[in-house]
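S.K.: One structure, as structure tokens, below. Some questions next.
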């Protein structure tokens with residue numbers, strides 16, 4: 001894995017949000033991300049999965065600069081984009097685009113499809129080579145499965161799946177290398193989810209794209225991802241190829257997460273792993289492993305020392321003392 005071309009690298013990323021405690025003189029911080037490191041290889045899809053509130057969306061927003069990281073660095077092709085400002089930062093945004101979760105609020109209701117798709121051309125002052133902006137917008141609309149007569153309609157005239165296709169076309173306008181997809185199919189029904197996922201897979205090959213794909217749906221992540229990162233309370237606890245994590249999950253949290261998938265047959269017996277105990281508070285940096293209070297394998301070391309994400313097998317990393325040498 002290390003020999004492949006790394007497009008995006010996140011190093012020790014931490015994001016905190018200030019909160020007002022009872023004592024007004026003492027400022028407290030909520031740790032949404034705590035020392036997150038990962039790599040995304042060019043042309044691949046990294047799926048990030050975890051329960052609600054684990055920091056998935058915060059990670060995506062830090063990468064596209066909607067949130068400023070508290071600590072750590074983000075590299076795109078070896079360049080530290082976390083410190084970019086002004087024109088340099090604007091040019092970086094042409095290389096990284098985002099598809100948001102809600103297809104309804106992601107589009108301006110006052111603009112037609114053509115106006116929405118062409119807007120990035122205006123913002124970045126791009127004139128497509130050999131054609132007008134409207135012609136290029138039409139090409140992209142057709143590439144995502146819509147027709148020419150959709151160009152002059154407004155968002156309220158489309159279904160959720162069609163609106164998400166428009167959002168995808170708009171994201172492709174500036175020719176990005178990396179698409180950050182923040183639960184792009186969670187608001188759609190199952191049949192439409194499959195269509196949009198297949199569309200993203202086809203577009204990845206056609207436009208040579210790299211994806212960071214965030215979801216809480218295990219089946220969606222399994223279908224589209226090459227590599228999977230499992231997050232829990234702002235930490236990455238396991239990172240490995242997609243097939244490995246379903247065949248041999250190592251971290252106790254990953255094992256519990258996968259045990260929640262219903263069996264494929266009513267005659268199949270499957271052990272349900274229940275995580276008991278209290279979820280630790282995300283306020284302040286807590287000592288020890290974030291799963292310590294709910295893990296059946298917990299030792300005193302787990303309560304006082306935080307395990308690092310380390311490779312325990314080929315391309316398979318886990319943050320757990322069960323596998324430390």
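S.K.: Report yes if some residue within region 262-274 is under 21 Å from residue 225 (Cβ atoms) and exposed (fewer than 14 other Cβ atoms within 10 Å of the Cβ); otherwise report no. Even if it seems obvious, please write down each step before you answer.
M.R.: Kept after step one, since they are under 21 Å from residue 225 (Cβ atoms), are these residues of region 262-274: 262, 264.
Filter once more, keeping what is exposed (fewer than 14 other Cβ atoms within 10 Å of the Cβ): 262, 264.
Within region 262-274, one or more residues are under 21 Å from residue 225 (Cβ atoms) and exposed (fewer than 14 other Cβ atoms within 10 Å of the Cβ).
S.K.: Output the helices (runs of 4 or more DSSP H) that fall wholly within region 130-222 and possess 1 or more residues being touching a residue at least 12 places away in the same chain (Cβ under 8 Å) and touching a strand residue (DSSP E or B) at 6+ places or on another chain (Cβ under 8 Å), or say none. Step through it out loud before you land on a result.
M.R.: Values: elements: 133-143, 160-172, 190-207.
Ranges flagged: 160-172, 190-207.
S.K.: Just the residues that are part of a helix (DSSP H, G or I) and in contact with a helix residue (DSSP H, G or I) (Cβ under 7 Å, 6 or more places away or on another chain), please, taken from region 236-252. Spell out how you get there, then give the answer.
M.R.: Going residue by residue through region 236-252, those that are part of a helix (DSSP H, G or I) are 242-247, 252.
Once the filter is applied, which keeps residues that are part of a helix (DSSP H, G or I) and in contact with a helix residue (DSSP H, G or I) (Cβ under 7 Å, 6 or more places away or on another chain), region 236-252 yields 242, 245, 246.
S.K.: Check 224, 245, 236 and return the single one that is over 12 Å from the mean Cα position of the chain (by Cα) and surrounded by fewer than 24 Cβ atoms within 10 Å (Cβ to Cβ). Explain how you work it out, then say what you get.
M.R.: Values: 245 fails: surrounded by fewer than 24 Cβ atoms within 10 Å (Cβ to Cβ); 236 fails: surrounded by fewer than 24 Cβ atoms within 10 Å (Cβ to Cβ).
So the residue among 224, 245, 236 that is over 12 Å from the mean Cα position of the chain (by Cα) and surrounded by fewer than 24 Cβ atoms within 10 Å (Cβ to Cβ) is 224.
S.K.: So which residues in region 92-106 are buried (at least 16 other Cβ atoms within 10 Å of the Cβ) and part of a loop (DSSP other than H, G, I, E, B), if there are any at all?
M.R.: Within region 92-106, 94, 95, 100, 101, 102, 103, 106 qualify.
S.K.: Inspect region 181-195 for any residue being farther than 24 Å from residue 56 by Cβ and at pLDDT 95 or above and give the result as yes or no.
M.R.: Looking only at region 181-195, we keep the residues that are farther than 24 Å from residue 56 by Cβ, and these are 191.
Next cut, at pLDDT 95 or above only: none.
Looking through region 181-195, none of the residues is farther than 24 Å from residue 56 by Cβ and at pLDDT 95 or above.
S.K.: Among the residues of region 115-124, is any under 22 Å from residue 192 (Cβ atoms) and either part of a helix (DSSP H, G or I) or without any contact (Cβ under 8 Å) to a residue 12 or more places away in the chain (or both)?
M.R.: We begin by selecting, within region 115-124, every residue under 22 Å from residue 192 (Cβ atoms); these are 116-117.
With either part of a helix (DSSP H, G or I) or without any contact (Cβ under 8 Å) to a residue 12 or more places away in the chain (or both) added as a condition, the list becomes 116-117.
Yes, region 115-124 has at least one match.
The values are calculated or read from the model by the stated rules, or taken from the named source; none is laboratory data. Everything quoted here is computed from the prediction, not taken from an experiment. Here Cβ is always computed from backbone atoms with ideal geometry, including for glycine, and neighbour counts include all displayed protein chains.
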